[in-house]
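All remarks here apply to the structure that follows.
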Amino acid sequence: MPLCNLFSLRILIKRFYVLQIGYTLYMPDEIVKVVAYSGYRGEECPRLFMIRGQSIEVKAIVSMWVEEQIENKKRKRIFQVRGSDGYEHKIYYDEEMKQWYLAKE
C-alpha cells in the first residue's frame, strides 16, 4: 500500500476517533426539576427530582461539595444522592443560572 494512502487512512481514523470522543465527553448536562429545602442560601438540599417525567425521591445524600471556577467564579453545589429508584445520581445547582442539572458522567 502506498505511503500516502496509509497517511490518509490514519488521518481519517484519527478524525473519527476525535469525533466519537468529543460526542461522549461534551454532552451537555440535562436540566431537571428539583424540589429542594430552601434555607437562608436558597436552594440548599434536594428532596425530590424529576428525570424524563419520572419522579425520584432522594433517600440519602451520599456526598456534597462546592466547585468554583477560578477564572469566572462560577459556583456549583454538587450532590451525589441515592434515589428511590435504587441508583445513585449526581445532580448540581448552578448558582449563576439558578438551575438544577443532572450531571452526565
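The values are calculated or read from the model by the stated rules, or taken from the named source; none is laboratory data. Please read all numbers here as calculations on a predicted model, not as lab measurements. When we count neighbours, we look across all protein chains shown, and the Cβ atoms used for this are built from the backbone with ideal geometry, even at glycine.
Yes or no, residue by residue, for (1) surrounded by 13 or more Cβ atoms within 10 Å (Cβ to Cβ); (2) at negative phi; (3) at pLDDT 90 or above:
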{"residue": "Phe7", "(1), (2), (3)": "no, yes, no"}
{"residue": "Leu12", "(1), (2), (3)": "no, yes, no"}
{"residue": "Met27", "(1), (2), (3)": "no, yes, no"}
{"residue": "Glu44", "(1), (2), (3)": "yes, yes, no"}
{"residue": "Ser63", "(1), (2), (3)": "no, yes, yes"}
{"residue": "Ser84", "(1), (2), (3)": "no, yes, yes"}
{"residue": "Tyr93", "(1), (2), (3)": "yes, yes, yes"}
Test set (1) modelled with pLDDT of 90 or more; (2) more than 16 Å from Gln99 (Cβ to Cβ) - Lys76 fails condition number: (2)
Test of understanding: among Glu67, Glu57, Glu44, Glu71, which residue is among the acidic types (Asp, Glu), more than 17 Å from Tyr101 (Cβ to Cβ) and part of a strand (DSSP E or B)? Glu57
Taking the range 74-102 on its own, how many of its residues are in a loop (DSSP other than H, G, I, E, B) and among the hydrophobic types (A, V, I, L, M, F, W, C)? 1
Just checking, which of Tyr17, Tyr37 is at pLDDT below 90, of a type in the set (Ser, Thr, Tyr) and in contact with a strand residue (DSSP E or B) (Cβ under 9 Å, 6 or more places away or on another chain)? Tyr37
When the range 60-86 is examined, which residues are found to be under 19 Å from Asp29 (Cα atoms) and of a type in the set (Val, Ile, Thr)? Val66, Ile78, Val81
